[in-house]
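Enquirer: Take this structure, written in structure tokens, and hold onto it; I'll ask about it next.
Only the coordinates and a few stated rules stand behind these numbers; no lab work does. Everything quoted here is computed from the prediction, not taken from an experiment. In this analysis, Cβ positions are derived from the backbone assuming ideal geometry, glycine residues included, and neighbour counts consider all displayed protein chains.
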Ligand SMILES: [Zn+2]
Ligand SMILES: [Zn+2]
């Protein structure tokens with residue numbers, strides 16, 4: 001395929017412009033996908049503001065994708081036929097290093113990420129390696145397929161927490177990742193899940209999933225957890241924000257022997273009371289991306305309807321992308337914004 005396509009290009013902090021760019025040419029092991037949906041990820045908002053070291057202009061953002069195959073390279077597997085509806089694991093690893101061999105491709109030192117080190121899916125077409133493509137099971141919608149990436153992230157975060165059905169949990173931040181973490185916890189049998197979220201619309205979504213809301217305005221959560229949880233302690237706490245204070249809240253809320261999973265990348269440097277961590281034998285663990293096996297599980301769980309974001313979902317034309325990045329930066333409560341290259345702007 002040759003010619004040009006529409007792409008939303010990040011050109012400077014807070015500036016994303018629709019441009020006509022060349023359709024990517026594919027190599028023998030690549031496929032070209034016509035993008036149906038491209039989800040906006042919370043991790044891209046700092047990039048949009050010019051605060052991310054891995055997203056520098058000019059760049060096409062987007063790594064949460066679903067669509068249909070339009071061109072297949074000569075050396076790509078036969079099961080990837082033209083027209084197949086697919087999603088893509090956007091983390092492209094070398095496949096040979098000790099992390100890749102051990103199945104932890106997200107730690108590969110030479111990994112590449114769509115929409116950061118490679119052009120992303122905020123465009124009509126995107127080029128990806130054939131081995132990163134996952135065909136959708138019969139009947140799965142393209143809309144739900146664009147959610148596989150954030151749900152895979154949540155599967156990894158919950159896996160690292162080592163929560164069991166008898167654990168109780170705390171999730172701070174009910175954006176897409178926080179909501180996905182809550183769903184994975186509940187699908188794994190965890191039925192007591194406290195949640196902290198400042199935005200009322202997002203808090204309502206978290207409560208709708210069965211979360212027990214804590215008031216973020218009260219300094220410590222310990223008393224509220226004791227009161228609301230009927231004596232239940234927090235065994236696992238998830239920070240889905242990444243601010244110094246939300247990290248400290250997780251650490252102070254978790255009970256001795258518990259685990260704190262850090263899943264938000266908002267701030268880098270954070271002061272933490274590490275003597276508390278030592279004396280209470282708390283495990284502090286970072287969660288980044290997902291393994292290919294978690295990505296496949298996420299796809300299956302979404303296809304089976306075990307998990308899925310339905311409330312607060314926004315579908316918007318790719319042409320309005322700049323507006324939606326702005327709105328999300330300013331705290332719009334959408335659980336997920338899916339950009340559609342084929343939709344035309346309103347007005
Ligand atoms: Zn993402
Ligand atoms: Zn590798």
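Enquirer: Give me 41, 100 sorted ascending by neighbouring Cβ count inside 10 Å, so fewest comes first.
Expert: Values: 41 24, 100 19.
The fewest-first ordering by Cβ neighbours comes to 100, 41.
Enquirer: Cα centroids of the stretch 215-244 and the stretch 166-200: how far apart, whole angstrom?
Expert: Measuring centre to centre over Cα atoms gives 11 Å.
Enquirer: What is the fewest-to-most order of 136, 49 by other Cβ atoms lying within 10 Å of their Cβ?
Expert: Numbers: 136 20, 49 12.
Starting with the residue having the fewest Cβ neighbours, the order is 49, 136.
Enquirer: On to the next question. Taking the Cβ-Cβ separation of residue 323 and residue 265 as r and a Förster radius of 25 Å, what is the calculated FRET efficiency to the nearest 0.05?
Expert: Details: r = 24 Å, r/R0 = 0.95.
With a Förster radius of 25 Å, E is 0.55.
Enquirer: Please report Rg over Rh for the stretch 47-135, where both radii come from the alpha carbon positions and Rh follows the Kirkwood definition. Numbers along the way, then the final one.
Expert: Working: Rg = 14.1 Å, Rh = 14.1 Å.
Using only Cα positions, Rg/Rh for the stretch 47-135 is 1.00.
Enquirer: DSSP beta bridges in the chain, what fraction antiparallel, as a percent rounded to 5?
Expert: Among the beta bridges of the chain, antiparallel pairing accounts for roughly 55 percent.
Enquirer: How are the alpha carbon pair distances in the chain distributed across 20 Å bins from zero to the largest one, expressed in percent?
Expert: Taking all Cα pairs of the chain, the binned fractions are 31, 57, 12, 0 percent.
Enquirer: Using the 10 angstrom Cβ neighbour count as an exposure proxy, how do 328, 299 rank, fewest first?
Expert: Details: 328 21, 299 24.
Ascending Cβ contact count within 10 Å gives the list 328, 299.
Enquirer: Extension gain residue 283-residue 215, at 0.36 nm per residue separation less the Cα-Cα distance, in nm?
Expert: Numbers: separation 68, 0.36 × 68 = 24.48 nm, distance 2.51 nm.
The residue 283-residue 215 span can extend by a further 22.0 nm.
Enquirer: Sticking with this structure for a sec: Using 5 Å bins from zero, what percent of all Cα-Cα pairs in the stretch 154-286 falls into each bin?
Expert: Answer for the stretch 154-286: a P(r) of 2, 12, 24, 26, 23, 10, 2, 0 percent.
Enquirer: Right, here's the next one. Helix 244-253 versus the longest principal axis of the chain: what angle, 0 to 90°, nearest 10, using Cα atoms?
Expert: 50
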